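The values are calculated or read from the model by the stated rules, or taken from the named source; none is laboratory data. Since we're looking at a predicted model, the values are computed, not measured. Here the Cβ positions follow ideal geometry from the backbone for every residue, glycine too, while neighbour counts run over all protein chains shown. Just so you know, the surface numbers come from the protein's heavy atoms only, side chains and all, with ligands and any DNA or RNA stripped out. Shrake-Rupley method; radii C 1.70, N 1.55, O 1.52, S 1.80 Å.
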Amino acid sequence: MDQKALAALLFPDVTETPEDLEARYPARDLPEGAVVTRMAPSPTGFVHLGNLVQGLVAERMAHQSGGVLFLRVEDTDAKREVPGAVEVLINTLKHYGIHFDEGATIDGDSGAYGPYRQRQRAAIYHVYAKQLVLQGDAYPCFCTEEELTAMRAEQEAKKVNFGYYGEYAVWRDRPIEDVEAAIAAGKPWVLRFRSTGSIENKFKYSDLVKGTLTVTENDIDQVLLKSDGIPTYHFAHAVDDHLMRTTHVVRGDEWLPSLPFHLQLFRALGFRIPKYVHIGPLMKMDGTSKRKLSKRKDPELALTYYKAEGFPVRAVYEYVMTLLNSEDWRKANPTASSDDFKFSCKKLNPAGALFDYAKLCDVSKNEIARLDAAEVYDLALEYAKEFDPDFAAALESDPEYARSILAIGRGGKKPRKDLTTWKDVRPYMAFFYDGLFTPGEFPAQFDGAVVRGILEKFLQTYDPADDAAVWFDKVKALTAEAGFCADMKAYKADPAAWPGSVADVSTFLRIAVTGKTNSPDLYTVMQLLGSERTAARIRAAMDRL
């Protein structure tokens with residue numbers, strides 16, 4: 001076969017050479033040991049937690065080494081692309097704190113190594129495709145879908161491996177005259193890689209997460225270019241990662257079966273092979289066994305879920321850090337920025353991380369507890385504007401009042417941890433707003449007349465000018481007057497001796513004023529509501545008894 005003639009026949013318009021592209025995309029001027037890596041998702045409209053895990057691994061590896069993180073959109077599969085998915089992808093990753101040094105943006109590209117959308121790089125791939133043909137490492141295949149289907153049926157009947165190889169690679173060694181005739185007849189073709197591998201051969205490969213792997217050689221003549229001239233992922237990622245000077249490829253371990261072909265391809269192209277970081281899947285407990293998080297079964301896989309549920313961005317980010325085994329680091333550095341966390345691939349569990357919703361909630365609760373009232377207000381308002389406009393209007397009606405509410409029990413060594421997500425803010429503080437207040441039910445074991453009498457006596461002595469100590473002394477006094485126990489230690493020693501305790505009296509007041517059995521400090525609540533609203537709610541509660 002005259003490879004030069006074949007290359008000219010297949011790529012008559014390609015005039016650039018690999019050397020031209022090497023000059024256009026030179027080696028990056030970075031410190032020794034700097035990691036250049038990327039996120040390279042497909043625009044399918046679904047951005048999941050695994051993307052964030054991979055993104056954080058890539059971000060930490062790049063930025064803690066003085067390197068570069070870029071975003072490349074792998075849109076070679078037009079059938080799977082969802083309109084607007086690129087924008088969703090970019091906005092979602094930005095929302096969760098993955099900041100790129102260069103790459104695809106909503107407005108185009110930013111950086112010297114673009115384009116960063118693969119469908120815009122077709123001409124680049126054709127340069128290397130032509131080079132592979134010239135080397136004898138690629139050839140055209142004119143098989144129809146019907147022929148490939150028949151081939152697969154035959155392989156299934158013979159119980160042999162599926163694929164285009166050996167005797168089934170019918171265009172592998174066809175003379176150039178056959179190729180010319182097929183092209184003249186207008187038959188569509190794909191470009192296939194000429195594999196020199198054998199499934200009889202195995203070799204060792206060292207992955208940064210999985211360790212040393214024993215890998216079987218690839219013997220399949222995989223497709224490099226589809227019939228529309230757009231490359232497959234396999235070919236595109238090799239060319240792009242070389243020209244963008246990627247040093248480390250972070251991806252899910254579902255790509256491990258393709259690794260032998262990718263290594264083959266890099267070598268055929270004369271490229272330096274990047275280091276691969278194959279991350280295990282996110283798992284969850286299903287009964288007593290583990291399974292992969294599923295797009296169909298598990299809403300928590302989608303990153304949009306966390307935004308809609310109101311988890312703070314930093315909480316999700318912090319939780320993902322725990323999946324990377326950074327928990328010991330956080331315990332040792334409780335107030336440090338997560339940007340200071342030094343990630344190591346050696347800390348990753350090769351089998352994948354176990355997703356723990358309860359742990360996420362704990363992380364989120366602690367994250368919100370660390371914020372001051374102004375920060376909580378701003379973030380809760382941002383969430384409410386998108387997901388609860390009525391509550392957003394209440395928050396905006398008097399920002400200082402809202403901040404005062406959110407300041408209750410905040411700060412100090414042991415701040416309150418009432419809020420797990422921004423969705424919790426409304427039920428937590430709604431009773432402070434008359435339009436959102438819902439009256440509560442009093443405990444059924446207490447006679448309504450007794451409760452009404454206690455509330456009435458409270459109003460008779462209630463003075464908003466009292467400090468917290470005087471206020472509580474009055475509560476204990478009316479407790480004793482009602483025949484209840486004002487000393488909790490004595491009550492716990494013999495609860496049967498009393499109809500109730502000061503805790504029950506406090507609960508009557510709390511339900512009357514807040515409609516809830518659990519609320520922030522009741523004295524402070526009454527101070528914020530003011531004497532008129534407090535008294536009005538207590539009277540309304542008495543009327544219901």
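In square nanometres, what is the average projected area of the Cα convex hull of the stretch 1-114? Computing the convex hull of the Cα atoms and averaging its projections yields 10.1 nm². The angle separating the long axis of helix 448-461 from the principal Cα axis of greatest extent in the chain is about 80 degrees.
Work through the residues other than Arg38 whose Cβ is under 12 Å from its Cβ and net out their charges, Lys, Arg +1 and Asp, Glu -1. Taking every Cβ under 12 Å from that of Arg38, the sum is -3. Near Val505, once Lys and Arg are set to +1 and Asp and Glu to -1 for all other residues with Cβ below 12 Å from its Cβ, the sum equals +2.
How many percent of the alpha carbon pairs in the chain exceed a separation of 48 Å? Beyond 48 Å sits 34 percent of the P(r) for the chain.
For Arg416 and Leu545, the difference between the fully extended length at 0.36 nm per residue and the C-alpha to C-alpha distance is 43.2 nm.
Of the residues Lys158, Lys202, Lys130, ranked by 1.4 Å probe accessible area with the largest first, the sequence reads Lys202, Lys158, Lys130. Considering only alpha-carbon pairs that sit under 8 angstrom and 6 or more positions apart, the relative contact order computed for the chain is 11 percent. Ser404 contributes about 50 Å² of solvent-accessible surface, heavy atoms of the protein only, 1.4 Å probe. Report the FRET efficiency, 1/(1 + (r/R0)^6), for Tyr233 and Ala468, where r is their Cβ-Cβ distance and R0 is 56 Å, rounded to 0.05. The value I calculate is 0.30. Using C-alpha pairs below 8 Å separated by at least 6 residues, the relative contact order for the stretch 249-371 is 28 percent. Would you tally the net charge around Ala184, using a Cβ to Cβ cut-off of less than 14 Å, leaving Ala184 out, and scoring K and R as +1, D and E as -1? Its environment carries a net charge of -2.
The overall shape of the stretch 170-309, judged from the alpha-carbon gyration tensor, is prolate: a/c is not under 1.5, and a/b is greater than b/c. Protein-only accessible surface at a 1.4 angstrom probe places the residues Thr196, Thr214 in the order Thr196, Thr214, largest first. Against the criterion of solvent-accessible heavy-atom surface with a 1.4 angstrom probe, Trp255, Trp471, Trp498 sort, most first, into Trp498, Trp255, Trp471.
Against the main long axis of the alpha-carbon atoms of the chain, helix 259-269 sits at an angle near 50°. Karplus-derived 3J(HN,Hα) values for the stretch 156-171, using 6.51 cos²θ - 1.76 cosθ + 1.60 with θ = phi - 60°, are 5, 5, 7, 6, 10, 4, 6, x, 9, 7, x, 5, 7, 7, 6, 9 Hz; glycine and proline are entered as x. Relative to the dominant Cα principal axis of the chain, helix 468-481 is inclined by about 60°.
Approximating the spin labels as points 7 Å out from Cα along Cα→Cβ, the His99-to-Thr149 distance works out to 5.3 nm.
Considering only protein heavy atoms and a probe of 1.4 Å, how much of the accessible area of the stretch 451-545 is carbon and sulfur, as a whole percent? So the carbon and sulfur contribution to the accessible surface is 53 percent. For Gly45, the amide hydrogen comes within under 5 Å of the amide hydrogens of Val82, counting only partners 5 or more places away or on other chains and with H modelled in the peptide plane. Using a probe of 1.4 angstrom and keeping all protein chains present, the accessible surface of the stretch 390-545 works out to 50 square angstrom per residue. Solvent-accessible surface of the stretch 109-167, averaged per residue with a 1.4 angstrom probe and all protein chains in place: 50 square angstrom. The share of accessible area on the stretch 98-179 that comes from carbon and sulfur is 49 percent, using a 1.4 angstrom probe.
For the stretch 97-201, the C-alpha radius of gyration divided by 2.2 N^0.38 Å, with N the number of residues, is 1.48. For the peptides 305-312, 461-468, 482-489, the ranking by packing is 305-312, 482-489, 461-468, with the highest mean count of neighbouring Cβ atoms within 10 Å listed first. Computed with a 1.4 Å probe over protein heavy atoms only, the accessible area of Tyr357 comes to about 90 Å².
Both radii were evaluated on the Cα set of the stretch 246-379; the Rg over Rh quotient, with Rh as the Kirkwood radius, amounts to 1.05.
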